[in-house]
1. Would segment 601-624 turn up any residue that is surrounded by fewer than 16 Cβ atoms within 10 Å (Cβ to Cβ), at pLDDT 90 or above, among the hydroxyl-bearing types (Ser, Thr, Tyr) and more than 34 Å from the chain's Cα centre (by Cα)?
2. So in segment 102-120, with the set limited to residues that are among the hydrophobic types (A, V, I, L, M, F, W, C) and assigned to a loop (DSSP other than H, G, I, E, B), which one is nearest to residue 420 (Cα to Cα)?
3. Can you tell me how many residues within segment 718-744 are of a type in the set (A, V, I, L, M, F, W, C) and surrounded by fewer than 22 Cβ atoms within 10 Å (Cβ to Cβ)?
4. Residue 797 - would you say it is farther than 29 Å from residue 227 by Cα, over 27 Å from the mean Cα position of the chain (by Cα) and not polar (S, T, N, Q)?
5. Testing residue 586 on (1) under 33 Å from the mean Cα position of the chain (by Cα); (2) assigned to a strand (DSSP E or B), one condition comes back false. Which one is that?
6. Residues 154, 131, 183, 122: which one is at positive phi and either at pLDDT below 95 or crowded, with 21+ Cβ neighbours inside 10 Å (or both)?
7. Looking for something polar (S, T, N, Q), surrounded by 23 or more Cβ atoms within 10 Å (Cβ to Cβ), assigned to a loop (DSSP other than H, G, I, E, B) and modelled with pLDDT under 95 - is there at least one such residue anywhere in segment 442-453?
8. Got a sec? Which of 660, 647 is part of a loop (DSSP other than H, G, I, E, B) and either over 21 Å from residue 734 (Cα atoms) or hydroxyl-bearing (Ser, Thr, Tyr) (or both)?
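The values are calculated or read from the model by the stated rules, or taken from the named source; none is laboratory data. Here the structure is a predicted model, which means the values were calculated and not measured. Counting neighbours? That spans all protein chains shown, and the Cβs are built from the backbone with ideal geometry, glycine included.
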Amino acid sequence: MKRLLSTLFFLLAVAFPLRAQVGESVTNHDPSLNREDEEGFKEERDRWMSEMHRAEPGVNVEVLNREIRQAKLKVWEQKGASLLRAEEGVSILPGLIGYWSERGSNNQAGRTLAADIDYATGTIYTAADGGQIWRGTIEGKNWKPLNDPERFPGVQMLRIYRSNNLFRLIVLYGPYLKYSDDGGITWQTADSLDNIQRWGGFSRGILTDGPGHILYLLGNEWNYGTPWGAYRSLYRSDDLGETFKEVRRFDQPVELIDISTVYGEDDLWLLHGDTLSRVLTDGSIEVVEPSLQLEGGMEGVSNVNLRVGSGEIFYLHVRRRGKNEIYGSNDVGKSWTMTGTTTGLFSRNSFAASASDPYFIVAGGVEVLYSTDAGWQWDTVNKWGAYYSDPENLLHADIPFIGFLRAPNGNEEMLISTDGGLYRSVNQLGSVKNLALKGLGISQYYSVYTSRADSNYVFAGAQDQGFQRTHRDEGGIMDFEQGISGDYGHITSGDGGKSVWTNYPGFSMYYPEALRSNLGWGLTHDFPTKGHLWLPPIVADPDTPYVAWVAGGGIDSGAHLIRMEYQQGANVTSTEHPFDFSGGSSQVNLTAIGISPVDTKRWYTITSDGHFWGSKDRGETWQEEVFTPPGGHYFYGAAITPSKSNPELVYVAGSGYSNPGVWVSRDGGETFDSLNVGLPPTLVYGLSASNDDQYLFAATAVGPYMYIADSGRWFDISGGVAPDQTWWSVDYIDENRIARFGTYGRGIWDFRLVVDTTNSVSEEVSIGLSRLQLSARTLSTGGEYEFQLQMPHSGAVLLHLFDLTGRRVATLHDGVVEAGLHYLYWSGNADDGTPLPPGEYFCVASAFGTVAYARSPLFR
């Protein structure tokens with residue numbers, strides 16, 4: 001095969017158990033304690049997260065959560081922008097107001113996904129994994145979120161455009177392109193993309209750097225006519241994203257299609273399968289001959305990533321049978337040479353080629369690799385573990401995005417997104433600077449706990465940003481120190497926070513003196529079992545705080561509690577509890593544990609198949625209790641919260657899509673009642689109750705909620721102030737009347753309650769205890785359906801019909817409906833009249849900040 005120019009590609013540059021608690025102030029990193037770089041680690045985490053979202057067959061939980069978010073957003077928009085002022089508070093009931101405040105972290109940023117620089121104002125914009133767009137200075141100061149009311153999850157592209165008359169911020173995520181002309185205060189949605197928004201999404205977006213500033217989008221969508229099925233599409237916009245037109249369609253898998261441009265030009269390079277084409281500005285397409293010639297052809301190729309560098313030197317990153325190959329071409333794609341391999345890409349945006357140096361390419365996986373000789377040899381910017389010794393000047397692990405930018409002086413710069421914020425390099429990675437050291441509030445927390453011994457001490461377990469602590473709560477947004485790197489959750493204490501336990505995917509960690517001056521790392525002990533969850537729950541024993549119980553698997557098999565015990569002055573040991581909760585099934589896990597702080601002999605567990613177990617003798621004997629909610633076998637128990645004052649009272653929460661998400665037992669777990677009114681059908685990650693059980697707080701997949709016992713219902717307390725986010729944990733601190741929430745993308749948020757004693761908190765609200773309800777029944781074998789919609793009061797309602805993959809196939813109603821029972825009919829056709837094929841469909845009614853759904857399998 002033809003080799004590249006000798007002056008270009010014959011350059012051969014030199015490539016590329018147990019710990020005692022310590023008192024160091026820097027973040028500790030021990031490779032023996034971390035699994036992040038192990039094969040399958042992230043896949044296990046994704047599977048653990050996904051399995052919690054359990055629902056009956058025929059229901060798409062992503063659709064439900066998305067529709068709930070949109071319904072909530074409409075409520076706050078209708079109530080007016082004044083609600084977005086946090087100082088006004090959130091009115092829950094007459095006499096009860098809550099005030100939101102952001103609490104941190106201020107200095108432990110999470111994952112970013114994309115970024116761009118506005119050199120005219122020295123401003124940088126970045127997209128966070130939690131879905132917020134942030135603006136700061138080019139030095140990484142004065143960070144501010146721009147879209148807290150509505151997050152943009154999974155951003156693929158963030159670009160800015162500036163001319164004499166226009167400044168536009170452009171964001172591509174999922175099936176949506178949004179743009180803002182007022183700095184992110186308001187956002188518009190692009191026209192002409194309705195079909196892909198019904199089902200599909202974009203895999204790449206490019207804004208050309210030529211005089212035309214053409215915007216191209218590469219997508220995956222559905223043909224609801226003939227032939228019925230998915231196809232890939234290329235869209236073009238000549239008005240900076242306001243409208244789009246389709247350029248062409250493809251049959252190849254989206255993973256085998258990519259687009260790229262040359263700096264300063266408007267032409268687009270398009271690769272689909274083994275065909276490379278040039279899309280000219282006039283819309284014509286020139287095919288490069290011969291077809292793509294790679295060593296080994298296209299056999300076994302599962303992913304391609306195209307980049308065009310300086311001088312129209314082409315690069316391909318190819319994933320083939322688990323290997324990652326680099327190819328280069330110096331003759332406009334007519335011939336290709338394999339120059340080297342990489343360790344793989346974190347995402348499609350993790351491969352980049354310089355627009356000023358034809359030999360310089362960069363690949364991001366766990367670490368950033370770069371080559372100065374077109375891929376023949378590779379160097380590493382820094383090993384991921386080295387970051388912890390110098391976070392300001394060394395890259396954090398995991399690289400979702402690498403981008404080259406041209407500064408006004410003509411110099412090329414780079415932006416690098418990591419799981420620890422955003423970096424900038426102005427010298428081809430000779431050095432990097434962390435721009436997220438202060439103020440970028442995008443921490444991704446699994447767990448947050450406040451010490452009752454000293455409420456200045458707040459502990460947090462983060463995604464990839466380790467176990468964290470602050471010891472100074474002076475109000476405002478708090479700084480946290482990171483004691484040890486990694487993923488930590490389920491923080492628990494048996495002595496009010498003097499000591500704490502937490503879990504990592506692989507071991508438990510104990511801090512016997514959690515309030516000591518320096519955090520360091522704690523005493524660790526590996527899980528002795530197999531078959532446990534990726535990040536299993538752990539609960540400290542309130543009688544013996546140096547003992548904790550882990551929801552484990554089994555040394556040989558089964559699902560057992562694991563006793564972790566700190567041996568004073570020595571180490572942590574483990575013992576498997578003999579009782580097996582699995583019932584002999586290898587598919588059953590323990591998913592939650594609870595121990596009553598009032599009667600510590602009362603223990604509770606729940607399994608992944610929805611079976612609830614109770615013990616009245618500290619686990620010596622167990623009884624499976626009556627817990628059979630409608631659709632109960634679709635209930636995944638994520639939290640057990642025993643009352644702090646009543647030994648008979650215990651709350652259980654989890655997946656609430658096909659059954660109530662929160663349950664209460666008033667007789668020690670023997671019988672249960674649902675607590676469902678006002679709570680949307682979603683996943684409840686965490687619960688926390690006040691000491692008197694008057695208030696119960698829920699951290700859910702769609703926001704924060706509060707239950708008031710005297711009212712018998714839940715309230716959405718986000719109030720248009722709290723950010724649109726995944727709310728993962730909650731800890732109610734009675735002393736301060738504060739519910740402290742941990743989010744998976746916007747850090748910690750406090751909800752402080754203020755009671756006006758001149759009004760009755762228990763006064764009933766106007767909408768009462770009625771709920772939005774939807775049911776369906778078949779009228780004929782030809783596919784005609786009747787939907788019964790029960791409206792608790794009049795208001796705007798939207799009814800969409802979806803198939804199981806989440807495709808929106810029909811809209812049944814969009815408008816105001818009066819209170820009462822209403823009948824709507826569906827003929828089994830899509831909106832355009834096309835008969836839909838037999839299969840599983842479900843209808844979602846959205847109104848009043850919540851949704852209801854009904855399954856409607858279609859028979860022909």
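1. Yes: one or more hits.
2. 109
3. Filtering segment 718-744 for residues of a type in the set (A, V, I, L, M, F, W, C) gives 721-722, 727-728, 730, 733, 738-739, 741.
Narrowing further to those that are surrounded by fewer than 22 Cβ atoms within 10 Å (Cβ to Cβ): 733, 738.
The total comes to 2.
4. yes
5. Status for residue 586: all satisfied but (2).
6. 131
7. no
8. Details: 647 fails: either over 21 Å from residue 734 (Cα atoms) or hydroxyl-bearing (Ser, Thr, Tyr) (or both).
So the residue among 660, 647 that is part of a loop (DSSP other than H, G, I, E, B) and either over 21 Å from residue 734 (Cα atoms) or hydroxyl-bearing (Ser, Thr, Tyr) (or both) is 660.
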